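Notes follow once the structure below has been shown.
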Amino acid sequence: KARDMRIYQRDKVVGRHVQAYVNHLPIFYFPFITMSIKRGRHPGFLIPAPGYNSNDGKYIRDLAYYYPYKEYADFTLGLDLMEKTGWKSNFTTNYTKRYYYNGRLSASYQKNINSAGTSFDWALRGNHHHDLPERTSLDVALDFVSNKRIYESSDIIDESLAQWLTSSVSYRKPIGNTYLNAGAVYNQDLINDTANLNLPTMSWSLPTRPVYELLGGSATAWYSNLSYYYNVRLDHTGNIRSSDPSLMDYIWQNTMDPADSTRYLVEHHAGIKQVLGLSNSYNYRGWLNLRQSV
């Protein structure tokens with residue numbers, strides 16, 4: 001409630017001697033307050049969300065400032081305050097440029113207080129899509145946390161129940177009438193504190209084509225019924241069960257379990273698989289199809 005109030009259309013509301021109420025109980029007094037009522041994207045503070053739950057106690061979330069950058073992006077910097085469990089800072093940005101790229105990035109840093117003591121945790125999540133020349137594309141998805149504790153009080157059900165986090169990079173490029181695919185995938189198990197990865201993985205497939213095209217012949221040649229196909233896949237996989245892996249553990253290094261000489265804490269494998277096929281098809285008197293392949 002305000003004793004005096006003035007409204008500037010499509011601009012702001014100004015009030016003097018303002019009282020803030022919860023239900024019918026006045027809890028705070030402001031001698032002066034101004035609130036924007038502009039439409040569209042413009043800088044300003046967002047309306048915070050107070051509340052209560054058994055884990056955090058009383059809290060105020062989304063003490064945040066919003067800033068738009070031209071027509072391409074916006075930024076939000078916010079803070080959550082919890083009575084029992086500490087605080088959490090957040091940064092979020094969305095960006096897009098039509099026909100070129102678009103994406104989103106969010107990061108958070110949290111002081112968490114519980115019966116075991118005080119800890120500091122972070123989380124990083126984002127995605128990016130980029131359209132490159134010649135129908136080539138690049139996609140990046142990031143999802144990392146220092147510890148599952150950062151999601152304990154989350155109101156998002158997928159976060160509070162999350163067991164696996166997946167991050168990936170993929171690159172797709174057309175070659176002739178087929179595509180070259182390359183990328184990397186990292187999976188983190190939040191429950192068992194393990195991880196597995198494919199770094200890198202690459203595949204290319206050549207669909208079934210007639211042999212006469214390869215040899216420069218014609219469709220009437222005696223070998224016109226011969227066809228070939230080819231595909232190749234390269235893959236490097238790693239299983240990480242170490243509680244404190246090093247950078248080389250992620251890239252290539254194998255580490256034996258000091259307590260068990262038959263078990264690896266970090267184990268990597270790499271390989272290449274190629275498939276080449278040749279087939280011949282023949283129709284006898286219009287009713288019997290014969291096909292041989294190798």
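Label point of residue 42 set 7 angstrom out along Cα-Cβ; within the range 1-21, amide nitrogens under 12 Å from it belong to 8-13. Note on residue 77 and residue 27: their simple-model spin labels are 2.7 nm apart, each label 7 Å out from Cα toward Cβ.
With the simple spin-label model, which puts each label point 7 Å out from Cα in the Cβ direction, the residue 252 to residue 136 separation comes to 2.6 nm.
Beyond 19 Å, the tail of the calculated P(r) for the range 161-227 holds 59 percent of the Cα pairs. Would you work out if the range 1-137 is rounded, prolate or oblate? Take a ≥ b ≥ c from the square roots of the eigenvalues of the alpha-carbon gyration tensor; rounded if a/c is under 1.5, else prolate when a/b is larger than b/c, oblate otherwise. Verdict is oblate for the range 1-137. Comparing Cα centroids, the range 99-159 and the range 160-192 end up 15 angstrom apart. From helices alone, the chain scores -1000 deg cm²/dmol at 222 nm; the rule is -39500 (n - 2.57) for each run of n ≥ 4 DSSP H residues, then divide by the residue total. Listed by chain and number, the lysines whose C-alpha is less than 26 Å from the C-alpha of residue 88, apart from same-chain residues fewer than 8 away, are 58, 111, 148.
Alpha-carbon geometry of the range 5-72: the Rg and the Dmax are 15.3, 43 Å, given in that order. Note on residue 273: lysines with a C-alpha under 22 Å away, same-chain residues under 8 apart excluded, are 173.
Averaged over residues, the count of other Cβ atoms within 10 Å places the peptides 263-273, 15-25 in the sequence 263-273, 15-25, highest first. Cα-Cα pairs above 37 Å in the chain: how many percent? Percentage above 37 Å: 46. Note down the Stokes-Einstein diffusion coefficient of the range 120-219 in µm²/s, whole number, using a Kirkwood radius over alpha carbon pairs, 25 °C, and 0.890 mPa s. Rounded to a whole number, D works out at 147 µm²/s.
Across the range 212-294 the C-alpha pair distances fall into 10 Å bins from zero in the proportions 14, 25, 16, 12, 14, 14, 5, 0 percent. Calculate what fraction, in whole %, of the accessible area of the chain sits on carbon and sulfur atoms when a 1.4 Å probe is rolled over the protein chains. After summing per-atom areas, the C and S share lands at 57 percent.
The values are calculated or read from the model by the stated rules, or taken from the named source; none is laboratory data. In this text, all values refer to a predicted model and were calculated from it rather than measured experimentally. Backbone-built Cβ (ideal geometry, glycine too); neighbour counts: all protein chains shown. In case anyone asks, the SASA skips ligands and DNA or RNA and just uses the protein heavy atoms, side chains included. Shrake-Rupley method; radii C 1.70, N 1.55, O 1.52, S 1.80 Å.
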